[in-house]
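Here is the structure we will look at, set down as structure tokens.
No lab work stands behind these numbers, since they all come straight from the coordinates. Everything quoted here is computed from the prediction, not taken from an experiment. Because the Cβ atoms are built from the backbone with ideal geometry, glycine has one as well, and the counts that use them run over all protein chains shown.
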Amino acid sequence: MLLLSPFLVVFMLVYLFLRHAEQFYKDPSTASSRRWSNLSKWVLREFNEVDHLFKHRINSSVAPASYYLKQFPSPILSIIAKFISFVSGGFTAVLIIIAFLEESLLEGHVFGRNLLWYGAVFGAITAISRAAVSDELLVVDPCGTMSLLCQYTHFMPKRWQAKENTEFARMEFETLFQVCLFLHHLTVLATKVLRSLFFIAKM
């Protein structure tokens with residue numbers, strides 16, 4: 001098994017890249033999106049529930065689940081995201097104007113990269129940072145949002161009742177509704193590999 005470890009790591013890296021690359025290309029903001037974890041699917045699935053009904057119920061709950069977590073905005077994170085979005089969006093706008101005025105200028109190189117590459121990078125950064133900006137018109141009602149969410153999940157622990165607006169309920173809910181990040185998967189993979197190597201070294 002130890003001899004196969006390098007090949008398994010390479011396989012997992014390629015698999016994760018191919019799995020998320022097309023989705024990120026279509027919508028860069030999905031880099032910060034959330035999905036139900038495998039544990040939550042096991043917890044939320046009802047006894048003898050058929051697969052297509054379970055998928056319909058879980059997929060319908062993604063929007064209210066995301067809206068519930070938006071009930072806890074972080075002012076500092078929102079300010080940082082706005083600043084990053086403003087700067088990267090400005091660079092992207094300048095590159096678009098350059099493309100309209102003289103397309104050949106995009107072929108110029110800065111630090112070994114052409115301007116078209118910088119346009120793609122800044123555009124992706126702008127999309128990701130805008131997804132982290134809290135909505136100024138957001139109506140804060142964690143209790144009502146959780147009640148709506150329970151209509152789909154059919155899951156409401158007693159320890160959450162009358163505490164939907166607390167950090168305790170939010171943190172526990174985040175363990176079920178996790179961020180779907182490519183870097184998160186890479187971090188988990190690297191951690192498992194390092195733990196395995198450390199365990200083998202101790203032996």
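Going by the structure shown, is R130 more than 30 Å from N165 (Cβ to Cβ) and of a type in the set (D, E, K, R)?
The answer is no for R130.
Report, ordered by the first and then the second residue, all pairs with beta carbons closer than 9 Å, sequence separation of six or more or different chains, a first member in the stretch 126-140 that is surrounded by 15 or more Cβ atoms within 10 Å (Cβ to Cβ), and a second member that is part of a loop (DSSP other than H, G, I, E, B) and not hydrophobic (A, V, I, L, M, F, W, C).
A127/D27; A131/S33; A132/S74; S134/K70; S134/P73; S134/S74
Which of the residues spanning the stretch 28-86 are surrounded by 15 or more Cβ atoms within 10 Å (Cβ to Cβ), out of contact with any Lys or Arg (no Cβ under 8 Å at 6 or more places or on another chain), without any contact (Cβ under 8 Å) to a residue 60 or more places away in the chain and within 13 Å of S134 (Cβ to Cβ)?
Once the filter is applied, which keeps residues that are surrounded by 15 or more Cβ atoms within 10 Å (Cβ to Cβ), out of contact with any Lys or Arg (no Cβ under 8 Å at 6 or more places or on another chain), without any contact (Cβ under 8 Å) to a residue 60 or more places away in the chain and within 13 Å of S134 (Cβ to Cβ), the stretch 28-86 yields S78, K82.
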